[in-house]
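Here the structure is laid out as structure tokens; the discussion comes afterwards.
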Amino acid sequence: MTGTGRPIRARRTTPAARIVAVATAAALVGTSLPAQAQRGPPVVRDAEIEQLLKEYTQPLLKTAGLAQQNVQPVIINDRAFNAFVADGRRIFVNAGALMDSETPNQIIGVLAHETGHIAGGHLARLREQLANATTQSILAMILGVGAMVAAGRSGNANSGIGQAGAAAISGPAQVIQNNLFSYLRAQEDQADRAAVKFLTATGQSAKGMSETFKRLGDQTFYQTRGMSPYMQSHPLPSERVAALEGMARQSPYWDKKDSPALQARHDLMRAKLYGFVERPDAVARRYPPSDPSLAARYARAIAAYRYSDPRAAVAQIDALIQAQPQNPYFYELKGQALLEGGKPAEAIAPLRHAVALAPSPALIQIMLGQALVATRDRAHVDEAVSILQAAVTREPESAEAYSHLAMAYGIKNDLAHADLASAQAAFMRGDLRTAREIAARAKGRFPVGSPGWVKADDIASYKPQQSGAFSRN
């Protein structure tokens, strides 16, 4: 499991701050760089968790008519409970939402809600609402400033004309804000209804979704108490929970529970996140030695390899493998522990086994390639290049894969491809200046017009295209 950046602490915002955040985000200038190259929240990559989330979302996306859009779940390294969509291609889920969801059904309900936003075209419609609000704000500003300037020239800045000008600025802004909040609340209600529909169509209960929003409603009760209902972007918790539970109870699947096998995988996912995210003392409190479950042993093994004796950790991981010899992610964890413990040659065998067993092994292939390169053994380099090239075809935005590929080419003394891979790694990190400099050097090493030369030229001459960007939760 790998992450980028530092965890972001959730900050409470006032209603006014929320509307400014939405409007400002809509005005921000984005680029056509990959997601990793954009400055934003830290992303966690993990083959096991991503595979499980794909299995959670695929039936929902198919039912919603979104199967062809290749919508991908993205894990954000944030302990707060949250999920959101920022475009029609990704559903962002905080690690905290996964860790706090006790059953698969609870997080599936959240994913169904976000699918409802995408299926309802809420992002495009919100852009229209924001554009209209901006136009109205500009007109109000022009009229208001004009009135105040006229009053100032006449020497009557405190006159009725001047005061009317100030009101012309502040009054419409308040109306626009209330209208936008009303629109957002309507979207949330629509997403809830769509989520229940998708869950019912896929034979799943909406009970977990109802439980989740009830818990969140209880947590936010004191934050929203006394607040004007017109100043909130989401429906009032009590109203939303009541409406959602009423819809959910109408489903014939209300009392249907997750299968034991799926619950077990969900428990392992949560344990993995706790093991990587929390400190050892917190892991020990949640998963004490007296807990013999596989999930508890998983969390303790991860904490041991990260903070304790690597040899003891490997012994614990071997016990996990003995319990589930066909689980690719236990082999992956063993390989990661050995690799990060300075034993890349010993990491190769378990990582090979993990690649052979995993349904989507690209991220594990990158780690295997890293281990092969780290041995500095020329006998492994050609294999590393082949594995990493295969991995980047499935993970074309992985800066890490390109970095290891660059090192492999460097060992082979293939400086042209080493420079190209280094330029691609810098590009994926968002370091355009370095990417252009290295790409320009790579161009000089390739024959003009060759595939390598063309790729290097694309990076060296790259100019970001500007486009609006905003998010929606």
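Laid out as a table, the results:
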{"quantity": "Leading residue by the ranking (nearest to Ala345 (Cα to Cα)) among those in the stretch 373-401 that are touching a Lys or Arg at 6+ places or on another chain (Cβ under 9 Å) and of a type outside the set (D, E, K, R)", "calculated": "Val381"}
{"quantity": "Wholly enclosed helices (runs of 4 or more DSSP H) of the stretch 371-437 bearing at least 1 residues of a type in the set (Asp, Glu) and closer than 24 Å to Val355 by Cβ", "calculated": "378-394, 399-411"}
{"quantity": "Single residue of the stretch 438-460 satisfying the filter (in contact (Cβ under 8 Å) with a residue 24 or more places away in the chain and part of a loop (DSSP other than H, G, I, E, B)) that is surrounded by the most Cβ atoms within 10 Å (Cβ to Cβ)", "calculated": "Phe446"}
{"quantity": "Cβ pairs under 7 Å, 6+ apart, first in the stretch 282-305 and surrounded by 14 or more Cβ atoms within 10 Å (Cβ to Cβ), second assigned to a helix (DSSP H, G or I) and of a type in the set (S, T, N, Q)", "calculated": "Arg297/Gln316; Arg300/Gln316; Ala301/Gln316; Ala304/Gln316"}
{"quantity": "Verdict on Gly208 being over 27 Å from the mean Cα position of the chain (by Cα) and either at pLDDT below 95 or β-branched (Val, Ile, Thr) (or both)", "calculated": "no"}
{"quantity": "Cβ pairs under 8 Å, 6+ apart, first in the stretch 356-382 and farther than 18 Å from Lys334 by Cα and surrounded by fewer than 24 Cβ atoms within 10 Å (Cβ to Cβ), second among the β-branched types (Val, Ile, Thr) and at pLDDT 95 or above", "calculated": "Arg376/Ile411; Arg378/Ile411; His380/Ile348; His380/Val373; Val381/Val373; Val381/Ile411"}
{"quantity": "Residue list for the stretch 89-129, filter: touching an Asp or Glu at 6+ places or on another chain (Cβ under 7 Å), at pLDDT 95 or above and among the polar types (S, T, N, Q)", "calculated": "Thr103, Asn105, Gln106"}
{"quantity": "Only listed residue being without any contact (Cβ under 8 Å) to a residue 40 or more places away in the chain and of a type in the set (Val, Ile, Thr), chosen from Ile75, Ile118", "calculated": "Ile75"}
{"quantity": "Among residues of the stretch 402-436, those that are surrounded by 20 or more Cβ atoms within 10 Å (Cβ to Cβ), over 26 Å from the mean Cα position of the chain (by Cα) and small (Gly, Ala, Ser), counted", "calculated": "3"}
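Every residue, every condition in (1) buried (at least 17 other Cβ atoms within 10 Å of the Cβ); (2) touching a residue at least 40 places away in the same chain (Cβ under 8 Å); (3) closer than 22 Å to Tyr287 by Cβ; (4) not aliphatic (A, V, I, L, M), yes or no:
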residue: Tyr56; (1), (2), (3), (4): yes, yes, no, yes
residue: Leu60; (1), (2), (3), (4): yes, yes, no, no
residue: Ala64; (1), (2), (3), (4): yes, yes, no, no
residue: Gln68; (1), (2), (3), (4): no, no, no, yes
residue: Arg79; (1), (2), (3), (4): yes, yes, yes, yes
residue: Ala86; (1), (2), (3), (4): yes, yes, no, no
residue: Arg89; (1), (2), (3), (4): no, no, no, yes
residue: Met99; (1), (2), (3), (4): yes, yes, yes, no
residue: Thr103; (1), (2), (3), (4): yes, yes, yes, yes
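The values are calculated or read from the model by the stated rules, or taken from the named source; none is laboratory data. Note that the structure is predicted; figures quoted are calculated from it, not measured. Don't worry about glycine lacking a Cβ; one is built from the backbone with ideal geometry, like all the others, and counts go over all protein chains shown.
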